[in-house]
Structure formats: C-alpha cells, structure tokens
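Single-structure report; data block below.
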Amino acid sequence: MVSIAARAVIPAKPGTELSTARVRKIAKTLAAPAISIALALAAWYAVSMLVLSEGRRFLLPPPHVVFTESLTDPKKLEVMGEALAVTARVALTGLLISAVLGVAIAVLMSQAKPIENVVYPYAVVLQAIPVLAVVPLIGLWLGYGFAARTTVCVLIAIHPIIAMTLFGIKSVDANLRELFTLGRAGRLRRLWSLQLPAALPSTLTGLRTAAGLSVTGAIIGDMFFAQGKPGIGTLLDTYRARLQSEDLIGALLLAALFGVLVFTVFTLIQKVSVGRWHDSAH
C-alpha cells in the first residue's frame, strides 16, 4: 500500500511527459491525412468493384491491381522513374527562373507606380490566357525540347510570385515606413532592410503556390513537346493512347506524389525561414 501511494505522489519524469505530448501531436497531425487516404481508397474500390461492370473495369482498375501490375514491376517503375526525373528537372528549372523573374518584376513595380501600371496588366494577361492556347506558339518559336517545356512552367508559375511579392512589399507597416523616413534611409536601404524582409512571408507563399503550378506546367510541356527524353507527361499520354490503365494511374500517382513532395519542401522552407515571428509559420 505504501509503495502504491508513493508512486501516486511521485510526479512523472519531465522527459516522459514531453515524449508523450510529442507522440500525441504527431498522431494528431497524421490522423487527418490517414483518414482522408483511407476514404479515397474506399471510394476508389467502390467505383471500380461496384459501379463498373467487369467488362469496363479496365477503365479504373482497383488499387491493388495498379500496385501489383504497375508500381511493383521493376521495369515499368524504372521507366516511370526516369521520366519523372526529366519532368522534375524541367519543373525545378522553371520554378527557379520564375522565382528570380517574379521577385525582380515585383520589386521594380513597387518602386515606381508607372512601371506597375505598364507591367502588371501583362502579368494578369499571362494568368488569364489558357496555356494550352499558347503552347503551339511556344513550339514554333522555341522548338519542342527543354526550352519550350521550361517556358510553359514559367508562364504558369510566375504570376503568384509577382502578385504575392508585390502585396508583401506594399503591406509594410506604416510606422516602420515612418521610422525609416525619419532615419533618412535611401531607396535601396529601405528596400533591402525593410520591404524585402517584410514581404518574405508573402513571397514564400507565392513560391509554395508556384511550386505546384510548375509541376503542372512541366507535365503539360511533356505532353506537347516530345523531343528529347520523355517526361512523365509523355508517358501519361502514351499510356492513355494504349489504354494501359494500370500504368496510366501508376504514373499519375507518381506525378502527384512528386507534386506533394515539392509543395511540402517549400512549406518547410517557409516555416524555417519565417520562424516564429509571423502567423504563416504556425
């Protein structure tokens, strides 16, 4: 009895409480995605096994068939992996160019209202025009290789970076602006020490959005520009034409996984870069 009472009085070790809280936090974070994936698989099975007849089941094979017939086949997986690597190189190159150009254009527009009035409508036009309508012109001008694919990525991904960076620069706190004015800070000092750091959360949000769009642009470029090594979009188009549904869905899942990975990486970059001083880090 004494030992039981003593154990009840003695508090748990701080490390135990911390580890338990951490496990609970991780479990809580993973619970929603796990439930979502389970529901998606259940809906997939329901459509494939209950809605589609056996003769039409090739249109949407059940998940286990896609896994066994496509994703676990070493030869098919090797082909998909090589194609995905090509698409990844195009997407990341396009995203890098979009980031540099987008931030530069936003900075220029923020420094002079006439520049903003002239340039911003073109940025809106790029966002409004369907990319598929511009793709044939890109092929005529740049050929049908790496440069054309990268250009499609830039056209799709650059607008969020321009818009969010410009928004961040314009949203600088008025009191901080007055402080820099009282300190007689020049235009470059104000830009480097105040405006760009204040715009960093918005810029990173734009980059996170542009990352997913760049992957989409790379896949579209693969489908239309077939010169050079085939990308994952080229395989998707080939599998569709041959009615290889298992391989089509498998390649689509790999492309989606890559898009989620890129989005997650930029989300982590945003949290690390911004730290705890901005609401977007939480």
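Give the residue, chosen from THR93, THR72, that is within 19 Å of the chain's Cα centre (by Cα) and either small (Gly, Ala, Ser) or within 30 Å of GLY221 (Cβ to Cβ) (or both). Give the derivation first.
Working: THR72 fails: within 19 Å of the chain's Cα centre (by Cα).
The conditions single out THR93.
Might you let me know whether the range 171-180 holds any residue that is open to solvent by less than 70 Å² (accessible area, probe 1.4 Å), modelled with pLDDT of 85 or more and part of a helix (DSSP H, G or I)? Spell out the reasoning first.
In the first step, residues of the range 171-180 are kept if they are open to solvent by less than 70 Å² (accessible area, probe 1.4 Å); the result is 171-172, 174, 180.
Checking which are modelled with pLDDT of 85 or more leaves us with none.
Within the range 171-180, not a single residue is open to solvent by less than 70 Å² (accessible area, probe 1.4 Å), modelled with pLDDT of 85 or more and part of a helix (DSSP H, G or I).
Out of LEU253, LEU213, which single residue is over 20 Å from SER171 (Cα atoms) and either polar (S, T, N, Q) or surrounded by fewer than 21 Cβ atoms within 10 Å (Cβ to Cβ) (or both)?
On the way: LEU213 fails: either polar (S, T, N, Q) or surrounded by fewer than 21 Cβ atoms within 10 Å (Cβ to Cβ) (or both).
Every option except LEU253 fails the conditions.
Based on this model, can you work out whether PRO230 counts as closer than 16 Å to VAL100 by Cα and either modelled with pLDDT of 90 or more or not in a helix (DSSP H, G or I) (or both)?
Working: closer than 16 Å to VAL100 by Cα: no; either modelled with pLDDT of 90 or more or not in a helix (DSSP H, G or I) (or both): yes.
Here the answer is no, as PRO230 does not meet what is asked.
Quick one: which residue in PRO121, PRO114 is more than 24 Å from the chain's Cα centre (by Cα), in a helix (DSSP H, G or I), free of Cβ contacts under 8 Å to residues at least 12 places away in the same chain and within 26 Å of ARG208 (Cα to Cα)?
Details: PRO114 fails: within 26 Å of ARG208 (Cα to Cα).
The unique qualifying residue is PRO121.
Out of ILE115, ILE105, I need the residue that is aliphatic (A, V, I, L, M), surrounded by 15 or more Cβ atoms within 10 Å (Cβ to Cβ) and either under 28 Å from TRP192 (Cβ atoms) or in contact with a strand residue (DSSP E or B) (Cβ under 7 Å, 6 or more places away or on another chain) (or both). Which one?
On the way: ILE115 fails: surrounded by 15 or more Cβ atoms within 10 Å (Cβ to Cβ).
Criteria check complete, one pass: ILE105.
Being modelled with pLDDT under 85 and crowded, with 18+ Cβ neighbours inside 10 Å: is that true of ALA198 here?
Working: modelled with pLDDT under 85: yes; crowded, with 18+ Cβ neighbours inside 10 Å: yes.
Yes, satisfied.
Residue-wise test of (1) within 29 Å of LEU257 (Cα to Cα); (2) in a helix (DSSP H, G or I); (3) at pLDDT 90 or above; (4) touching a Cys at 6+ places or on another chain (Cβ under 9 Å).
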{"site": "ILE4", "(1), (2), (3), (4)": "no, yes, no, no"}
{"site": "ARG7", "(1), (2), (3), (4)": "no, yes, no, no"}
{"site": "THR16", "(1), (2), (3), (4)": "no, yes, no, no"}
{"site": "LEU30", "(1), (2), (3), (4)": "yes, yes, no, no"}
{"site": "ILE37", "(1), (2), (3), (4)": "yes, yes, no, no"}
{"site": "LEU41", "(1), (2), (3), (4)": "yes, yes, no, no"}
{"site": "SER70", "(1), (2), (3), (4)": "yes, yes, no, no"}
{"site": "ALA83", "(1), (2), (3), (4)": "yes, yes, yes, no"}
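Test ILE249 against the stated conditions and say whether it is over 19 Å from LEU95 (Cβ atoms) and modelled with pLDDT of 90 or more. Talk me through it step by step, then tell me what you get.
Values: over 19 Å from LEU95 (Cβ atoms): yes; modelled with pLDDT of 90 or more: yes.
Criteria met by ILE249.
Name the residue that is nearest to ALA218 (Cα to Cα), counting only residues in the range 125-143 that are open to solvent by 40 Å² or more (accessible area, probe 1.4 Å) and outside any helix (DSSP H, G or I).
Filtering the range 125-143 down to residues open to solvent by 40 Å² or more (accessible area, probe 1.4 Å) leaves 125-130, 132-133, 136-137, 140-142.
Among the residues that remain, those that are also outside any helix (DSSP H, G or I) are: 129-130.
Details: ILE129: 17, PRO130: 15 Å.
Across the range 125-143, the extreme among qualifying residues is PRO130.
I'm trying to understand the selection: among the residues of the range 48-67, which are more than 28 Å from the chain's Cα centre (by Cα), assigned to a loop (DSSP other than H, G, I, E, B) and surrounded by 11 or more Cβ atoms within 10 Å (Cβ to Cβ)?
Initial filter on the range 48-67 (more than 28 Å from the chain's Cα centre (by Cα)): 48-59, 65.
Narrowing the set further to residues that are assigned to a loop (DSSP other than H, G, I, E, B) leaves 52-53.
LEU52 - this is the single residue of the range 48-67 that is more than 28 Å from the chain's Cα centre (by Cα), assigned to a loop (DSSP other than H, G, I, E, B) and surrounded by 11 or more Cβ atoms within 10 Å (Cβ to Cβ).
Criterion first (assigned to a helix (DSSP H, G or I), touching a Gly at 6+ places or on another chain (Cβ under 9 Å), more than 30 Å from VAL66 (Cα to Cα) and not aromatic (Phe, Trp, Tyr)) does LEU207 satisfy it? Explain how you work it out, then say what you get.
Working: assigned to a helix (DSSP H, G or I): yes; touching a Gly at 6+ places or on another chain (Cβ under 9 Å): yes; more than 30 Å from VAL66 (Cα to Cα): yes; not aromatic (Phe, Trp, Tyr): yes.
Yes: the conditions hold for LEU207.
The values are calculated or read from the model by the stated rules, or taken from the named source; none is laboratory data. Just so it is clear, the structure is predicted and the values come from calculations on it, not from any experiment. Cβ sites come from the backbone with ideal geometry, for glycine too, and all protein chains shown count toward neighbours. Each accessible area value is taken on the protein alone, full model and side chains, heavy atoms only, with ligands, DNA and RNA left out. Shrake-Rupley method; radii C 1.70, N 1.55, O 1.52, S 1.80 Å.
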